[in-house]
Amino acid sequence: MIANKVPKGKLVIIGGAEDKGDEYQPEIRNKNKAFEQFEILKELIPRQNGQEHSMEIITTASSEPDEVTRMYRNAFRRIGFDRVDFMHIDNDHRNRNPGFVERVKKAHTVMFAGGDQFRLATIIGGTDVLEVIKNRYQNDANFVVAGTSAGAMASSTIMIYEGETNEAILKGAVKISSGLGIIDRCLIDTHFIKRGRFGRLAQAVVMNPTCIGIGLGEDTALIIRKGNIAECRGSGMVIIIDGKKIGHTNIPFAEEGKPICIENLRVHILSKGNCFKLNERRFVPSKADMRKEKDQELFIS
């Protein structure tokens, strides 16, 4: 999805609040049959030939990096993985040192933690650290780059950095800026269902109809391979908003603060195992669903 070159690495974008082994949201644990403890974090653990390798978590987006460090260190230890280190790269030029670049070159997984996506993009954007990450994502088949919450939102070329979640979709309520540019032609929003963000992502897509809107639920991720095949994992859902066939919309001439209208906005809902081909803009059912559909057809016939 970037520069017409197929990336060899894997991108994992997470909607935030991924299970870390605590008692967060007990209703999900107790009622949701799709819930698997540590499912998403386990996907980030780098393995090659059966051997575990190193991970770096960048805490730049957070105003409380020590707390983020403690939380993820404890979570990965509970899984049995302790080869994880943390980098808090801030705006102080003394902290943007070549040592970070060397660490990224050696890591097998790099994850951007949550916080403020505008802070993350403005500090990390244009740095040697980001260039190494993007280069490895393009060229290293064993490399995983991930982002959760703000880290996921910032992974696209353009990102939402501010937006109201009012019931009415008001023109001008959504603000767009440059992201990190790891993946192109996507707009990513997180905590999507719980925080009622459909309206703001829909408006962002109408403003940028060549982009696919990706709304990630909590404890839910898309695993994107070859920059195209996006598989849903986790206990929640992913909402895909496709604006390619939009008909009428009043957004070009509506006044600021006025509600907008949109004709023929396409929406897909993915749950665990479903895929979406970003380049073809096509929903792909899970293998389990396809087997059940086939069995049902045989039963009916």
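The values are calculated or read from the model by the stated rules, or taken from the named source; none is laboratory data. If you're wondering where the values come from, they're calculated on a predicted model, not measured in any experiment. Every residue, glycine as well, gets a Cβ built from its backbone with ideal geometry; the counts of neighbours run over all protein chains shown. We work out accessible area using only protein heavy atoms, side chains counted, and drop any ligands, DNA or RNA first. Shrake-Rupley method; radii C 1.70, N 1.55, O 1.52, S 1.80 Å.
Side notes on the structure shown:
- Selection status of N91, within 25 Å of E64 (Cβ to Cβ), among the polar types (S, T, N, Q) and either open to solvent by 20 Å² or more (accessible area, probe 1.4 Å) or touching a strand residue (DSSP E or B) at 6+ places or on another chain (Cβ under 7 Å) (or both): yes
- Unmet criterion (only one of (1) surrounded by fewer than 14 Cβ atoms within 10 Å (Cβ to Cβ); (2) under 24 Å from A173 (Cβ atoms)) for M290: (2)
- Among (1) farther than 25 Å from R225 by Cβ; (2) polar (S, T, N, Q); (3) in contact with a His (Cβ under 7 Å, 6 or more places away or on another chain) - the single one T127 does not satisfy: (3)
- Residue in region 115-122 that is assigned to a strand (DSSP E or B) and closer than 27 Å to E67 by Cβ present: no
- Search result, residues across region 21-37 that are open to solvent by 90 Å² or more (accessible area, probe 1.4 Å) and either at pLDDT 75 or above or part of a helix (DSSP H, G or I) (or both): E27, N30, K31, K33, E36
- Subset of region 267-284 (residues that are surrounded by 14 or more Cβ atoms within 10 Å (Cβ to Cβ) and either at pLDDT below 95 or of a type in the set (K, R) (or both)): K272, R281
- Condition check for A141: touching a residue at least 24 places away in the same chain (Cβ under 8 Å), at negative phi, among the hydrophobic types (A, V, I, L, M, F, W, C) and open to solvent by 20 Å² or more (accessible area, probe 1.4 Å): yes
- Residue match in region 155-163 (condition: in contact (Cβ under 8 Å) with a residue 60 or more places away in the chain and within 22 Å of L187 (Cα to Cα)): yes
- I223 in contact with an Asp or Glu (Cβ under 9 Å, 6 or more places away or on another chain), under 30 Å from D140 (Cα atoms) and part of a strand (DSSP E or B): yes
- Residues of region 113-124 that are of a type outside the set (A, V, I, L, M, F, W, C) and either in contact with a Gly (Cβ under 7 Å, 6 or more places away or on another chain) or within 20 Å of G227 (Cβ to Cβ) (or both): G114 alone.
- Residues in region 126-158 that are within 20 Å of V68 (Cβ to Cβ) and over 8 Å from the mean Cα position of the chain (by Cα): T127, V129, L130, I133, V144, V145, A150, A154.
- Only residues that are in a loop (DSSP other than H, G, I, E, B) and either more than 20 Å from the chain's Cα centre (by Cα) or modelled with pLDDT of 95 or more (or both) were counted in region 39-62, giving 8.
- Test for A173: is it in contact (Cβ under 8 Å) with a residue 24 or more places away in the chain and open to solvent by 10 Å² or more (accessible area, probe 1.4 Å): yes
- Within region 231-253, tally of residues that are under 24 Å from L170 (Cβ atoms), of a type outside the set (S, T, Y) and part of a strand (DSSP E or B): 4
- Residues (surrounded by fewer than 17 Cβ atoms within 10 Å (Cβ to Cβ) and either assigned to a loop (DSSP other than H, G, I, E, B) or of a type in the set (A, V, I, L, M, F, W, C) (or both)) located in region 177-207: R185, K194, R195, G196
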